[in-house]
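Enquirer: My questions all concern the structure below.
The values are calculated or read from the model by the stated rules, or taken from the named source; none is laboratory data. Computed from a predicted model, the values in this text were never measured in an experiment. Neighbour counts are summed over all protein chains in view; Cβ atoms, including those assigned to glycine, are modelled from backbone coordinates with ideal geometry. With ligands, DNA and RNA removed, areas are computed over all heavy atoms of the protein, side chains included. Shrake-Rupley method; radii C 1.70, N 1.55, O 1.52, S 1.80 Å.
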Amino acid sequence: MAIRIVKSKGWKDRLRGHKDAILAVFSPDGPEGTTLLSGSVDGSVRAWSLSERRVLYKHRLSDPPVLASPVLMHPDETDFIDEEDLRSGTEEESQGNSAISAIAFTTSMVFVGFDNGKICSWDLEHGQLKFTFSAHTGRITCMILMGSNLLSASYDGTMRCWNTTNGSLLSTFTVSCYPVSCICMVPGKPDQVYLGSWDKMVRKVDVIKQECIQMITAAEEPIRCMCAMDNLLFTAGCDLIIQSWNIETGAPVATYRGHSGWINHLQIFDNKLYSASDDKIVKVWDIKTTHVLEDFCGHEDGVLSLAMAGRMLYTGSLDQSIRSWDLAEMERRIIERRAMRNEDLQSRRYEIYYKLMSEGSKKKAGKKGKKGKKGKKAGKKGKK
C-alpha cells in the first residue's frame, strides 16, 4: 500500500494589511522569536508581534508608481489583520519613481532595491532613511549581508559590494551580459559566494580577490534561487526542479521533482529543505531521500518568501497575505506516515514470507507423493 502525502491546508494565522506582494519575511530573533518583519511591493515594512497578535510598527519606505488596492476579504477567527490599513480606503495613488523589486532585513536595518537599480537603507526603529546606494543600472534582484558589507545583484549582470556604514561602493564584479538573479554564501568561506544567473550558470566568486573560482552549468532554464548547507549547494528556478551539487567538486548529487511552477525561494531548516513556488505550494523535502515530506497549501497565488518564527513557518505570497503553519503538527504527521510506511513494509515482509513458506510446503508434499507412487510401483513389480 502506497503512503500518500497529505496536503496540509491547516494554516494557523493569516496576517493581512499589505496591499501588494510580500517579497520578504524575516524573524530578527531567530526561529524561537515572537516578532516577524515583512516587506512588500506596496512600499511598506511591518513588524508583527506574534504573541500579542498586533502590529508593533510600520514604516512607509517608498510609494511604488502603481495603484495599490487592498483586498478586502471576510475575516475569520484565524485572521491577524492590520485594521488601520484596511480602514484607510479602497485605493491610494503612489508617487514614487520606481517599483520595489527586492528587500533584505537585518535585526536593525532594511535594505530595499528598486527597478531602476537604486538601493536604499532605512533604520527599522525610527524608519529613517540612512543611505542611498547608486551604481547599478538595472533592476535589483537580490541582496544579502556579508559581515558589515551588502552584496547586491542586478539585471545589469553585476554583483556589487557596498559599505553599509557609509554607503560607499567597495567593488563591482561583472558576471555576464545576463541578469544575476541570486546570491548565496559558501558554507565555511566568509569571503566567497555563489552567484546564480539567467545564463543557467552558477559561479563561485571570491569577493575580496574578485575572482571566479568555479563555474557550474546548473540548469536548463534561468536560475532564481539558491541555498547551501555543509557540502551541498541547492539550485532552483524556471525549470521546476531543485538540484543539489557537491560544493567541492561541482558534481550533481540529487534531483528533487514535484513543483509545477517556478521555484522562488529555497531555505534549509532543521535538516529539511523548504521550497516556495509559483504553484502556490511550499514543499518540505527529505534532503537524503529527495522525498516530499509535506505540502503546505492554502495561498491563493505564488509563494515568494518564507521564514521560521515562534516554531512556526511563515510564508509571504503574491496574494498579499502572510500565512503561518504549525511545524510541530507537521513533524507529528511525518512521524505517523513513517510509522504507517514501516508497518506496511513489515506486513509486506510477512506476506512474502508466508507465501514462500506455503510454496515450499507444497513442493515438499509433492515430492513425498512422488516417492510414495514409486514405492507402490516397485511393490507391484516384485509380486509379478
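Enquirer: Surrounded by fewer than 18 Cβ atoms within 10 Å (Cβ to Cβ), more than 19 Å from the chain's Cα centre (by Cα) and either within 27 Å of residue 298 (Cα to Cα) or of a type outside the set (Asp, Glu) (or both): is that true of residue 255 in this structure?
Expert: On the way: surrounded by fewer than 18 Cβ atoms within 10 Å (Cβ to Cβ): yes; more than 19 Å from the chain's Cα centre (by Cα): no; either within 27 Å of residue 298 (Cα to Cα) or of a type outside the set (Asp, Glu) (or both): yes.
In short, no.
Residue by residue, here is whether (1) modelled with pLDDT of 95 or more; (2) touching an Asp or Glu at 6+ places or on another chain (Cβ under 8 Å); (3) of a type in the set (Val, Ile, Thr) holds:
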| position | (1), (2), (3) |
| --- | --- |
| 67 | no, yes, no |
| 70 | no, yes, no |
| 77 | no, no, no |
| 80 | no, yes, no |
| 104 | yes, no, no |
| 119 | yes, no, yes |
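Enquirer: Same structure, new question: Does residue 222 qualify as being open to solvent by 20 Å² or more (accessible area, probe 1.4 Å) and under 17 Å from residue 184 (Cα atoms)?
Expert: Yes, satisfied.
Enquirer: All but one of (1) more than 17 Å from the chain's Cα centre (by Cα); (2) within 21 Å of residue 306 (Cβ to Cβ) hold for residue 202; state the number of the condition that does not hold.
Expert: (2)
Enquirer: I would also like to ask the following. Only one of (1) out of contact with any Asp or Glu (no Cβ under 8 Å at 6 or more places or on another chain); (2) modelled with pLDDT under 95 fails for residue 163. Which number is that?
Expert: (2)
Enquirer: Ok, one more. Confirm whether residue 315 is surrounded by fewer than 19 Cβ atoms within 10 Å (Cβ to Cβ), of a type outside the set (D, E, K, R) and either part of a strand (DSSP E or B) or modelled with pLDDT of 95 or more (or both).
Expert: Judged against the criteria, residue 315 is not a match.
Enquirer: Quick check on my filter: what residues within region 257-299 are touching a Phe, Trp or Tyr at 6+ places or on another chain (Cβ under 7 Å) and charged (D, E, K, R)?
Expert: Listed by number, the residues that qualify are 272, 278.
Enquirer: Then there's this: For region 292-306, which positions are open to solvent by less than 10 Å² (accessible area, probe 1.4 Å) and either part of a loop (DSSP other than H, G, I, E, B) or of a type in the set (A, V, I, L, M, F, W, C) (or both)?
Expert: Selection gives 296, 302, 303, 306.
Enquirer: With respect to residue 335, is the statement that it is open to solvent by 50 Å² or more (accessible area, probe 1.4 Å), modelled with pLDDT of 85 or more and in a helix (DSSP H, G or I) true?
Expert: Answer is yes for this residue.
Enquirer: Another one. May I ask you to verify whether residue 191 is open to solvent by 20 Å² or more (accessible area, probe 1.4 Å) and more than 30 Å from residue 249 (Cβ to Cβ)?
Expert: No: the conditions fail for residue 191.
Enquirer: Identify all residues within region 161-178 that are crowded, with 21+ Cβ neighbours inside 10 Å and in contact with a Phe, Trp or Tyr (Cβ under 9 Å, 6 or more places away or on another chain); write none if there are none.
Expert: The answer is 162, and nothing else.
Enquirer: Give me the residue from region 199-219 that is free of Cβ contacts under 8 Å to residues at least 40 places away in the same chain and not in a strand (DSSP E or B) and, out of that set, surrounded by the fewest Cβ atoms within 10 Å (Cβ to Cβ).
Expert: So the residue we want is 209.
Enquirer: Might you check whether a residue that is in a loop (DSSP other than H, G, I, E, B) and hydrophobic (A, V, I, L, M, F, W, C) occurs anywhere in region 182-193?
Expert: So far as region 182-193 goes, no, none of its residues is in a loop (DSSP other than H, G, I, E, B) and hydrophobic (A, V, I, L, M, F, W, C).
Enquirer: Identify, from the list 228, 276, 254, the residue that is free of Cβ contacts under 8 Å to residues at least 60 places away in the same chain, assigned to a strand (DSSP E or B), closer than 24 Å to residue 322 by Cα and of a type in the set (Gly, Ala, Ser).
Expert: Checking each option against the conditions leaves just 276.
Enquirer: Name the one entry in 288, 380 that is at pLDDT below 90 and among the basic types (Lys, Arg).
Expert: It is 380.
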